[in-house]
Amino acid sequence: MMSYFRNNRLLAFATALVVFQVALAVFAPVLGLQDPFAQVIVQRMKGPNALNWLGTDQLGRDVLARIIHGYRTSLLTCLTAVLLALLVGGSIGILAAYYRGWFDRIVMRLMDVIFAFPILLLAIAVIAILGANSFSAALAIAVVYTPIFARLLRGPALVICESEYVEGARAIGASDLRIMVSHVLPNLASIVLVQTSLLLSAAILVEASLSFLGLGAQPPTPSLGLMLSEGRNFLLLAPSPAIFAGLAILFLSFGFNLLGDALRDSLDPRLKAAT
Amino acid sequence: MRAKFFLGRLADLAFVLIGVSFLVFLMIRLVPGDAVTIMLGANTEITPERVAELRARLGLDQSLLVQYWLWLTGALQGDLGTSVWTGRAVTEEIGAALWPTLELTFLSLLVGAGLSIPLGAFMAQARGNWTEVGVRVGAIAGLTIPSFWLGIVSILLVSKLLPGTSVLGYVPFTEDPLDNLRRMVLPVFALSLPILANLSRLVRSAMLDAMGQDYVRTARAKGAGRRRVVYKHALRNALIPFITSVGVSMGYLLGGAIVVEQVFAIPGLGRLVLGAISERNYPLVQATILVMTASFVLVNFAVDMLYAVIDPRVRRR
C-alpha cells in the first residue's frame, strides 16, 4: 500500500513536469513572451536581468523566449517522429506476430538490419541523404525508432495472438483486421504508452544532438540544440544561452523518462523495475 | 547442440552485415536528385565532362547489383573508394581518424562500466523508500543529461577555475601520453556519465534480484559473511545481464562520440563524417558509417558469444 502511494506520487510529479513543459510549448505565442527573433544588439550577451529573465544571446535575442519556442520545435519534431515510428513499427510488429511464417521472418530480419546501426549514426545517415532541416530530423528519428517499436510490440503481441480470447474471436468468424484492432491492440496499450514516453525522452536528446551538429533545425529557428552550439562560441562572454538551453533539454527529456518509468510501475506491476 | 547454436548466430551475423552494407551502399543512390551533380555543385563548376568522369569513377554507370557486387568485393579487400576531393583512399582518412574515437569510446566504456559495478553493488545494500526514489531519479537524470551540454559546462568550469589549462583538441598518446590523457578527462566524463547511470541501476536491480535467490540464502545459511555473499555470489550472477547491456552501450558510445568530438575538437570519426556530409563527400560518408556500424555489430556478436559461454542456459534456447 505504501509503495502504491509512493509510485503514484512519483507519477503525479512526472505528469506535472511533462504537462507544464508541453503547456509552455503549446501556449508559447500567448504567454506575453518577447519576440524570439527580435535582435536588440545593444542588449546582447547579457546575463539574467529584470528585462530578460534568462539573459540574451549573441544577437541580443531573449533567451527565455527562444527556449520556450525551442520547446515547440523540439516537441513538434519528436512527436511527429515517435508517432510515425509507432504507426509503422507498431503495425509491422503486430502484423508479424499475427501472421507469423515467412512474412514475420522477412520483415523482422529487415528490422534487425536497421536496428544494427548505432542510433545517432543512422539518423545522421538519413539526414545526409535528405538534407539538414527539422523535417529530415523527424524522419530520421522515425526511421531509427521503427524497428525498436516493431521489436517491442511483436513479443507481447505474439502472446496475445496465442490467447484464448483471440482464438474465440476467430472461432466466431471475426476478420483478421478486426481481431488485430479490437483485440490485440487494446491489450498492448500499456506497453505502447510506457515505451512512447521513454522513446520520446530519448528522441528529445537525439533531436538536440542533431541540431547541435547543424543537422536539424536551421537558424534562425529557435532550437535548443542550435542554441547550445551557437552559445558555445561565446561561452566565456555569455554563458547563459548555452547553460539554460542545456538545462531545458535535460528537464524535457527527464520529464518524459520519469513519466515512462512511473507509468510502467503503475500500469503493469509485472513489469515493475526492481529498483 | 552447441555447434548448431554457434552456426545459427554466425548466419545471423552474416545476414545483418550484408543487409547493413547494402543499405549503406544504397545511400548515395537515395539522394534526391542527382548525387553526382550535388557533389560537384558543392565544390566546383558543373560541366558534362566532370559529371561523366565522376559518375564513371563512382561506378554509377553500371547496373545496381553489379555496382553493389563491385563495391562489396572492394570493401572486403579493404578498398572503400577514394575521397571525392582529396583523391586519397577513404581507408587512409578513416585510419587517421580511428584512434581518437577508439580511445574516447574505450576509455568511456572502461570508466562507465567499471565504476558502475562498485556503485551498483553499493546502492543495492541501501534500501528504503527515499533511497529507492533517489536511485531512480538520479539514474534517470544521469541518463538524460545531454553529454554535449555536460562537456560545454565542464569546459566553462575548467576555464574559470583553472585558467590556462588546455582541454580542447587531441594529442596522440605516442607523442605525449600525459597530455593525451589530460585532454581525455573531460570528454570521457561527459560521454561515460549516461552509461554509468544506466549500468549502475542495472547492476543494483540485478544484485537485489540475485540476493533474493536460493543460492544466496544457502550461502548465508552456511555461514558465509555478508560481504562474501554480496561480492562472490550475488555479484557474479548479476553480471550476466550486465554484459549484454555493455554491448548495447557501444551503440550509444559510438553515436555520442560524434557529438562529444565536436564539443572538444577531437579529430575522430565523428568530425570526419560531419565534415564529409557538409562537403557532400558521399564515398567518405558511406565508408565511415559502414566501418562504425560493422564494428558495433561485431562487438555485439562477441558479447553474445561471451554471454553464451558464461551462461550455458542461453545455448539451449
Next item on the list: Rounded to whole Hz and in sequence order, give me ³J(HN,Hα) for region B:198-212 from the Karplus expression 6.51 cos²θ - 1.76 cosθ + 1.60, θ = phi - 60°, writing x for Gly and Pro.
Entry: 5, 6, 6, 5, 5, 4, 4, 6, 5, 5, 4, 4, 5, 5, x
Checklist line | Dipole magnitude (debye, nearest 20) for the protein assembly as shown, charges at Cβ of Lys, Arg, Asp, Glu | finding: 2300 debye
Checklist line | Cα lying deepest toward the dipole's positive end in region B:90-316, options B:P267, B:A234, B:F148, charges on Cβ | finding: B:A234
Margin query: Under a Cβ-only charge scheme (Lys and Arg +1, Asp and Glu -1), can you give me the dipole magnitude of region B:90-316 about the Cα centre, in debye to the nearest 20?
Written below: 1520 debye
Next item on the list: Please average, across the residues of A:157-166, the number of beta carbons from any other chain that are within 10 Å of each residue's own beta carbon, and give a whole number.
Entry: 0
Margin query: Just to be sure I understand: with springs between alpha-carbon atoms less than 10 Å apart, which residue in B:A219, B:A265, B:A257 has the highest mean-square fluctuation in the Gaussian network model of chain B?
Written below: B:A219
Check: Which whole-Hz couplings ³J(HN,Hα) result when phi for each residue of region A:189-199 is put into the Karplus expression 6.51 cos²θ - 1.76 cosθ + 1.60, θ = phi - 60°, listed in order with x for Gly and Pro?
Finding: 3, 5, 5, 4, 4, 4, 5, 4, 5, 5, 6
Check: Which net charge results when you count Lys and Arg as +1 and Asp and Glu as -1 among the other residues whose beta-carbon is under 12 Å from that of B:A35?
Finding: +2
Notebook entry, point to check: In the Gaussian network model of chain A, springs joining C-alpha atoms below 10 Å, which of A:L31, A:L17, A:L228 carries the largest mean-square fluctuation?
Noted result: A:L31
Notebook entry, point to check: Out of region B:16-103, which GluC sites (Glu not before Pro) are coil in DSSP terms and have no more than 10 other C-beta atoms within 10 Å?
Noted result: B:E45
Check: Picking from B:A238, B:A14, B:A141, which is most flexible by a Gaussian network model of chain B using Cα springs under 10 Å?
Finding: B:A14
Check: How large is ³J(HN,Hα) for each residue in region B:260-267, as worked out from phi by the Karplus curve 6.51 cos²θ - 1.76 cosθ + 1.60 (θ = phi - 60°), to whole Hz, x for Gly and Pro?
Finding: 5, 4, 5, 5, 9, 6, 9, x
Item checked: Principal-axis tilt of helix B:269-278 within chain B, Cα atoms, nearest 10 degrees -> 40 degrees
Next item on the list: Name the residues whose placed amide hydrogens come within less than 5 Å of the amide hydrogen of B:T82, ignoring near sequence neighbours (fewer than 5 apart) on the same chain.
Entry: B:V90
Next item on the list: Could you tally the net charge around B:F264, taking each other residue with its Cβ under 15 Å from the Cβ of B:F264, Lys/Arg +1 and Asp/Glu -1?
Entry: +1
Notebook entry, point to check: Using a ≥ b ≥ c from the Cα gyration tensor of chain B (square roots of the eigenvalues), is it rounded, prolate or oblate, where a/c under 1.5 gives rounded and otherwise the larger of a/b and b/c decides, a/b for prolate?
Noted result: oblate
Next item on the list: For region A:70-166, build the charge dipole from Cβ charges (+1 Lys, Arg; -1 Asp, Glu) around the Cα centre, then report which of A:V166, A:L87, A:L76 sits farthest towards its positive end.
Entry: A:L76
Next item on the list: Could you please state, rounded to a whole Å, how far the C-alpha centre of region B:128-157 is from the C-alpha centre of region B:12-58?
Entry: 41 Å
Check: When only DSSP loop residues count, what GluC sites (Glu not before Pro) in region A:137-183 have their Cβ near at most 16 other Cβ atoms within 10 Å?
Finding: A:E162
Notebook entry, point to check: Lys/Arg Cβ at +1, Asp/Glu Cβ at -1, dipole of the protein assembly as shown taken about the Cα centre: which of B:G225, A:P29, A:Y145 is farthest positive-ward?
Noted result: B:G225
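Rule-based calculations on the coordinates, nothing more; no lab input. Predicted model, so just to flag it, every value in this text is computed and none were measured. Neighbour counts run over all protein chains shown; Cβ positions are idealised from the backbone, glycine included.
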